[in-house]
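Everything below concerns the one structure shown next.
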C-alpha cells in the first residue's frame with residue numbers, strides 16, 4: 001500500500017504539469033485564433049489519460065486504506081465532518097478530484113464534436129480551466145511542500 005501511495009503522490013506531479021500544459025495550450029490557442037492540430041489533440045488526450053490513471057490509483061487507495069473503520073473509530077460521519085483534516089482526506093479531496101476528472105472528460109468529449117478550431121479550443125479551455133482550479137484547490141499542499 002505504501003508503494004501505491006508513493007505512486008499516487010508522484011504521479012500527481014505529472015498530472016498537474018500535463019493539466020497546466022493542456023489548459024494553457026487551449027487558452028492561448030483559443031484567444032490566438034489558432035488552428036487545432038494533432039499536437040493539440042495529443043496534449044488534451046494525455047491530460048485526460050493521466051487524470052484517469054490518477055483517479056484509478058486514488059480509488060484503489062481510498063478503499064485499501066479502510067477509511068470506513070476510521071469513520072467508525074471517530075464516532076461516525078458527523079465527527080469526520082467536524083475534523084477539517086479528516087473531512088479533507090475522506091470527503092473533500094476525493095469528491096473534488098472526481099469532479100475535476102469529470103470536467104476534463106466532459107471537455108474532451110465535447111471538443112471532439114466541434115468542427116472548427118475555435119469551438120474546440122473553447123470547450124477544452126473552459127472545462128480544463130475549471131478542472132485545474134479544482135485540482136489546485138484540493139492538492140494537499142501541506143504534504144507536497146513539506
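The values are calculated or read from the model by the stated rules, or taken from the named source; none is laboratory data. Given the structure is predicted, the values throughout are model-derived calculations rather than measurements. FYI the Cβ positions are ideal-geometry reconstructions off the backbone, even for glycines, and counts take in every protein chain you see.
Points to keep in mind about this one:
Yes/no per residue for (1) surrounded by 14 or more Cβ atoms within 10 Å (Cβ to Cβ); (2) under 26 Å from residue 127 (Cα atoms):
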{"position": "12", "(1), (2)": "yes, yes"}
{"position": "68", "(1), (2)": "no, no"}
{"position": "71", "(1), (2)": "yes, no"}
{"position": "83", "(1), (2)": "no, no"}
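- Out of 122, 110, 114, sole residue that is part of a helix (DSSP H, G or I), out of contact with any strand residue (DSSP E or B) (no Cβ under 8 Å at 6 or more places or on another chain) and either in contact (Cβ under 8 Å) with a residue 60 or more places away in the chain or surrounded by fewer than 16 Cβ atoms within 10 Å (Cβ to Cβ) (or both): 122
- Residue list for region 14-49, filter: more than 23 Å from residue 114 (Cβ to Cβ) and either exposed (fewer than 15 other Cβ atoms within 10 Å of the Cβ) or without any contact (Cβ under 8 Å) to a residue 40 or more places away in the chain (or both): 14, 17
- Qualifying residue in region 97-107 (condition: modelled with pLDDT of 95 or more, surrounded by fewer than 18 Cβ atoms within 10 Å (Cβ to Cβ), out of contact with any strand residue (DSSP E or B) (no Cβ under 8 Å at 6 or more places or on another chain) and closer than 22 Å to residue 6 by Cα): yes
- Unique match (being in contact with a helix residue (DSSP H, G or I) (Cβ under 8 Å, 6 or more places away or on another chain) and farther than 19 Å from residue 89 by Cα) among 34, 39: 34
- Residues in region 130-146 that are over 17 Å from residue 54 (Cα atoms) and surrounded by 17 or more Cβ atoms within 10 Å (Cβ to Cβ): 130 alone.
- Take the conditions (1) closer than 24 Å to residue 133 by Cβ; (2) surrounded by fewer than 17 Cβ atoms within 10 Å (Cβ to Cβ); residue 90 misses just one of them, which is (2).
- With respect to the conditions (1) within 23 Å of residue 20 (Cβ to Cβ); (2) at pLDDT below 95; (3) touching a helix residue (DSSP H, G or I) at 6+ places or on another chain (Cβ under 8 Å), residue 141 lacks only one, and its number is (3).
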